[in-house]
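See below for the structure under consideration.
The values are calculated or read from the model by the stated rules, or taken from the named source; none is laboratory data. Worth saying up front: this structure is predicted, and the values here are computed from it rather than measured. Because the Cβ atoms are built from the backbone with ideal geometry, glycine has one as well, and the counts that use them run over all protein chains shown. All accessible areas refer to the heavy atoms of the entire protein, side chains included, with ligands and DNA or RNA removed. Shrake-Rupley method; radii C 1.70, N 1.55, O 1.52, S 1.80 Å.
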Amino acid sequence: MKINNYNIDENVVRIIALQVVLLTLIALQTQWVFLAAFLTFDFFLRAFTNKISPLAFLSKAIAKTLKLKPNYIFAAPKKFAAALGTFFSLSILITLIAQLNSLAWIIGVTLILCAILESVFKICIGCYVYNWLVLPIENRFKK
C-alpha cells in the first residue's frame, strides 16, 4: 500500500476499506475470532510498519486489474486512520473472545460505517480526527 513515506494511492485505500466492510461483517456474523485477529494484524501492518499488508497487496492487484489510474494523497492521515482501525478491530477481537457479542457488533458497525464512508464517498473519519487533533499537537511542538 505504501508508495513512499509521504504518498499513498487513494484507490488502493478505498478498495481496502471495502474489504474491511466485508471481512468485518463476516467476522461479526460468524463470530470467527481468527478473522478478527487477521483484521487487527492487517490494520497493524498498515499503521505501524512499512510492510505491505495482505489487504493492501490484494487491493493493489485489484486496482491494477481494473486499470485504475493512481491518485496519490498524503499518507500520514491514512496511517493514523489505520491505527484507529487497529484499535477498533482489536476491540472486536477481544469482545468476541469474551463472548460480548452485542458489544462486538456495536464496535464492528462503527468500523463498518467508517469503512463505507471511505470506500463509497471518499470520506475518511480517521483523517478528519488526524487533522483536528494530531496536526495541531504536532504543529505546537514544532514551534
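Worth pointing out:
- Condition met for Phe44 (touching a helix residue (DSSP H, G or I) at 6+ places or on another chain (Cβ under 8 Å) and either open to solvent by 20 Å² or more (accessible area, probe 1.4 Å) or within 11 Å of Val20 (Cβ to Cβ) (or both)): yes
- Qualifying residue in segment 12-30 (condition: over 17 Å from Ser119 (Cβ atoms), free of Cβ contacts under 8 Å to residues at least 40 places away in the same chain and not in a strand (DSSP E or B)): yes
- Subset of segment 99-120 [open to solvent by 60 Å² or more (accessible area, probe 1.4 Å) and of a type in the set (Gly, Ala, Ser)]: Ser102
Residue by residue, here is whether (1) touching a strand residue (DSSP E or B) at 6+ places or on another chain (Cβ under 6 Å); (2) farther than 24 Å from Glu138 by Cα; (3) at pLDDT below 95 holds:
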residue	(1), (2), (3)
Tyr6	no, no, yes
Gln19	no, yes, no
Thr24	no, yes, no
Lys64	no, yes, no
Pro70	yes, yes, no
Gly108	no, yes, no
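- Residues (more than 15 Å from Leu111 (Cα to Cα) and surrounded by 13 or more Cβ atoms within 10 Å (Cβ to Cβ)) located in segment 21-37: Gln31, Trp32, Val33
- Count of segment 59-90 residues which are open to solvent by less than 20 Å² (accessible area, probe 1.4 Å) and of a type in the set (A, V, I, L, M): 3
- Scanning segment 49-58 for residues that are farther than 29 Å from Pro136 by Cβ and open to solvent by 50 Å² or more (accessible area, probe 1.4 Å) gives Lys51, Ile52, Pro54, Phe57, Leu58.
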